[in-house]
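Report on the structure given below.
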Amino acid sequence: MASPRPPGPAPLLPMLLLLAAAARALPGAGGTCPERALERREEEANVVLTGTVEEILNVDPVQHTYSCKVRVWRYLKGKDLVAQESLLDGGNKVVISGFGDPLICDNQVSTGDTRIFFVNPAPPYLWPAHKNELMLNSSLMRITLRNLEEVEFCVEGIGHTWVPSLPVPPAACRGMLCGFGAVCEPSAEEPGRASCVCKKSACPSVVAPVCGSDASTYSNECELQRAQCSQQRRIRLLRRGGPCGECVCQCNPHGSYGGTCDAATGQCSCRPGVGGLRCDRCEPGFWNFRGIVTDGRSGCTREGPGRAGWGTAQGQARPGVLSACSRPRFDTGSGPAVLTSTVPIEPGRWHRLELSRHWRQGTLSVDGETPVLGESPRGTDGLNLDTDLFVGGVPEDQAAVVLERTAVGTGLRGCIRLLDVNNQRLELGSWQGAAAHSSGVGECGDHPCLPNPCRDGAPCQALQAGMFRCQCPPGRFGPTCAEEKSPCQPNPCHGAAPCHVLPEGGATCECPLGRGGALCQIVSEPDDARPFLADFSGFSYLELSGLHTFGRDLGEKMELEVVFLARGPSGLLLYNGQKTDGKGDFVSLALRGRRLEFRYDLGKGAAVIRSKEPVTLGTWTRVSLERKGRKGSLRVGDGPPVLGESPVPHTVLNLKEPLYVGGAPDFSKLARAAAVSSGFDGAIQLVSLRGQQLLTQEHVVRAVDVSSFADHPCTRTSGQPCLNGASCVPREAAYVCLCPGGFSGLHCEKGLTEKAAGDLDALAFDGQTYVEYLSAVTESEKALQSNRFELSLRTEATQGLVLWMGKATERADYVALAIVDGHLQLSYDLGSQPVVLRSSLPVNTNRWLRVRAHRSQREGSLQVGNEAPVTGSSPLGATRLDTDGTLWLGGLQKLPAGQALPKAYGTGFVGCLRDVVVGQRPLHLLEDAVTKPALRPCPAP
């Protein structure tokens, strides 16, 4: 026990922050509402838990019902019935709905209330509004020892889980969810049909003006609720007692864009990595806010490995004092519990500590890390405290006891700016009014204007968050009044590249693709054999032609595929919108905490589809996106698709703006529902729309600080692996070599022996010659992940089937090479939908042309002569080609029934073939043939 403290202020010994958990009185439940027996309530609830209400959500102003985010302390029953998707914030929080339900007696809570909750998972007819939520099943119970004992006795006495028959709404209203105060009413004229209608009761004639989030003034709250229902959109109550006035923004001029804010919330438009309502601080994971002004940075700097970000509840350590980690302790009487954080405490940086204790169990989280769990020894559960709460140190008479119990004899030399105990917040900036005693406590932080950072003694004005503003005299510019003239006059950038003035007085050149160097003075020659893999720093981006320019029916359906390598956990991969101000439709793909988020808005709210597993940093990842009408899917690699859909009724996506890849010029101009504020840190290999690669120079409109990713086999400076002038095509971490004429092999290392014009290995086909081969495909390769064909052909025909591999059954898989209207095309069908890749080079020239066709899973490519390869991809689905092991050259006697192919596929090939390679081995046209019709050599041209 603590000894009495002598009167008067006692000297404080600095020590690590000690937080005392203060008990909070809970309001009693009033009323005489009858409640069922506890045994029955427990029997009807599949899940029973204890927890604390942290946030009130989804308040219905008409029905007076709402949901709550609850921090779970303990599951008394049914923990295994709570789906993983229902767990939030590291798995210790859930959303519970049904508060305010008049059918439940004790149905009201406030933030900070701790209760026993009887709940069930939300039934399907309440989806999607309450999907992954728990529904309140009966009255709340206060946390007392007797109540806990009675509930535990009920739980332990039941050996089975009783699944209740949930209340079923009228048949016509089943599954229909009405929002914004509307109610479902069955139709009197059409049985079985129902609609959502607003309540018909009139509002009172009382004039009590209120301001809504739509910037409209209403006579009273009832009128606001009626407008919300009739317009079917959320209108929040901003202010009582007067009409709406003009929104006054208080945005930090350095951390925000233009000083504009949301009229409803006051939220300013923040720069990358900057957060807060006023954009006056760095987000967690970012630092160096002051560098925006002094160094001209475009936003806060992303933290490197081991660096911690800061939040609003913070402490700061002085260099050389703190140990490497935070280590809180507590003792309930049977021995101490010690929790050690995995996040290092860095001297000179702000850190946020979150501590909680429930009975013998405690948690610790530093800077948002996954909470560290601990437990004191069994024996006693309660924490009995009878001393004051000491912050930063203890009096001398307490020092020996503290040292004995905590092994801490010295402690904090630094700053504590905010302390929150059981939702009671203490702003330590005004600690003198709250402290009973103090000793040796001073003010933290240096004044931003001392010494004066402004040049030549210009006046300095202190701002929030340690920032400053210099009032420059005429002829001086910049944040410190150091500039006398614009460094962009005249423009120093080569090639008329845009010049931008930096806040610190310099200039930067925005180099287009093909130019580099500080002044864009270096012209790089394109290397056709080396592909361009875009590398993004987190502050760079590509601007491309909009997705709507690549397909007419993009509004109804869309198929995108992206291959990327991420170095950072969050950032924008791509964004395309409808309007320059971020309003209207949009589609986006972003990383958030290493999980992918596919979002799109068709006009009635955004669909958010989030990957279930985190993305591995530093490795190539392939993600496939599909949208058809309101329904969408996201698939990572070969994993199962994650499904989602946007709100009714719109089904068409309208896009008019450019496509941004890897970032954006101004995140404040993107749709707020896209929820992105930082660029992508990593490399992007592929952005494919229906098989068409978009990351090509012809589609790029603008490139800002984008470099070439050099750590791929196809792009390494030591040389790419493909030989003899072959093209290296990236396939995630691997690659494929497209060989020039006369070469074959995995790396195009094998030369092909040219055959004489009259040699029998150069066969002539007359349109009726069909040659079958079996030895080209072995039994183990009947279900193929890839195909590779190379051959030389000479023809004057405009139609004809050159090669076929597939089955004779109806609607079976196949791969084929055919001449259609004088152009060669590669087509294949893996079971979902056929893909056709068409060459732009005519082949009916009576000259020998080398053909290379390749398929790897769903990806395909076709190259004729020296043209650039044509690439494409089949829809999501199968990746294997199922064949019967037969390859045909020259055509087929009869195409399989049910194949919707052009007439050219039913026409035999007329011309000559030679140097045929299947897989990695040359095909001997005569020796390997199973059926040998009248074969004749190819005549000279």
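The values are calculated or read from the model by the stated rules, or taken from the named source; none is laboratory data. Everything quoted here is computed from the prediction, not taken from an experiment. Because the Cβ atoms are built from the backbone with ideal geometry, glycine has one as well, and the counts that use them run over all protein chains shown. Just so you know, the surface numbers come from the protein's heavy atoms only, side chains and all, with ligands and any DNA or RNA stripped out. Shrake-Rupley method; radii C 1.70, N 1.55, O 1.52, S 1.80 Å.
See the values below:
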{"item": "Selection from the range 826-840 of residues that are of a type in the set (A, V, I, L, M), open to solvent by less than 60 Å² (accessible area, probe 1.4 Å) and closer than 21 Å to residue 738 by Cα", "result": "826, 835, 837"}
{"item": "Selection within the range 87-113 - closer than 15 Å to residue 65 by Cα and open to solvent by less than 30 Å² (accessible area, probe 1.4 Å)", "result": "95, 96, 97, 98, 99, 100, 104, 107, 109"}
{"item": "Strands (runs of 3 or more DSSP E) contained in the range 512-604 and holding at least 3 residues within 15 Å of residue 699 (Cβ to Cβ), modelled with pLDDT of 90 or more and open to solvent by less than 20 Å² (accessible area, probe 1.4 Å)", "result": "541-544"}
{"item": "Counted residues, the range 196-222 - those being surrounded by 15 or more Cβ atoms within 10 Å (Cβ to Cβ) and among the polar types (S, T, N, Q)", "result": "4"}
{"item": "Every residue from the range 114-138 that is part of a loop (DSSP other than H, G, I, E, B) and surrounded by fewer than 19 Cβ atoms within 10 Å (Cβ to Cβ)", "result": "123, 127, 128, 129, 131, 132"}
{"item": "Test result for residue 848, more than 35 Å from the chain's Cα centre (by Cα) and under 16 Å from residue 740 (Cα atoms)", "result": "yes"}
{"item": "Verdict on residue 588 being among the small types (Gly, Ala, Ser) and touching a Phe, Trp or Tyr at 6+ places or on another chain (Cβ under 7 Å)", "result": "yes"}
{"item": "Among residues of the range 637-672, those that are hydrophobic (A, V, I, L, M, F, W, C) and either out of contact with any Gly (no Cβ under 8 Å at 6 or more places or on another chain) or open to solvent by 40 Å² or more (accessible area, probe 1.4 Å) (or both), counted", "result": "6"}
{"item": "Complete set of residues in the range 711-730 that are touching a residue at least 40 places away in the same chain (Cβ under 8 Å) and hydrophobic (A, V, I, L, M, F, W, C)", "result": "714, 722, 726, 728, 729"}
{"item": "Index of the failed condition, residue 687 passing every other in (1) open to solvent by less than 20 Å² (accessible area, probe 1.4 Å); (2) in contact with a Lys or Arg (Cβ under 7 Å, 6 or more places away or on another chain)", "result": "(2)"}
{"item": "Residue 718 vs. criteria open to solvent by 30 Å² or more (accessible area, probe 1.4 Å) and either of a type outside the set (Asp, Glu) or touching a Lys or Arg at 6+ places or on another chain (Cβ under 8 Å) (or both)", "result": "yes"}
{"item": "Residue in the range 623-636 that is at pLDDT below 95, surrounded by fewer than 16 Cβ atoms within 10 Å (Cβ to Cβ) and in contact with a helix residue (DSSP H, G or I) (Cβ under 8 Å, 6 or more places away or on another chain) present", "result": "no"}
{"item": "Residues that are modelled with pLDDT of 60 or more, in contact with a strand residue (DSSP E or B) (Cβ under 6 Å, 6 or more places away or on another chain) and part of a loop (DSSP other than H, G, I, E, B), drawn from the range 346-364", "result": "360"}
{"item": "Selection from the range 38-64 of residues that are acidic (Asp, Glu) and farther than 30 Å from residue 223 by Cβ", "result": "39, 42, 43, 44, 54"}
{"item": "The range 289-312: number of residues that are open to solvent by 40 Å² or more (accessible area, probe 1.4 Å) and modelled with pLDDT of 75 or more", "result": "2"}
{"item": "Strands (runs of 3 or more DSSP E) enclosed by the range 643-760 - at least 1 residues per element that are modelled with pLDDT under 90 and over 30 Å from residue 928 (Cα atoms)", "result": "681-689, 700-704, 727-731, 734-738"}
{"item": "Pairs where the first residue, in the range 622-634, is closer than 12 Å to residue 587 by Cβ and the second is among the charged types (D, E, K, R) and in a strand (DSSP E or B), C-beta under 6 Å, 6+ apart", "result": "626/559"}
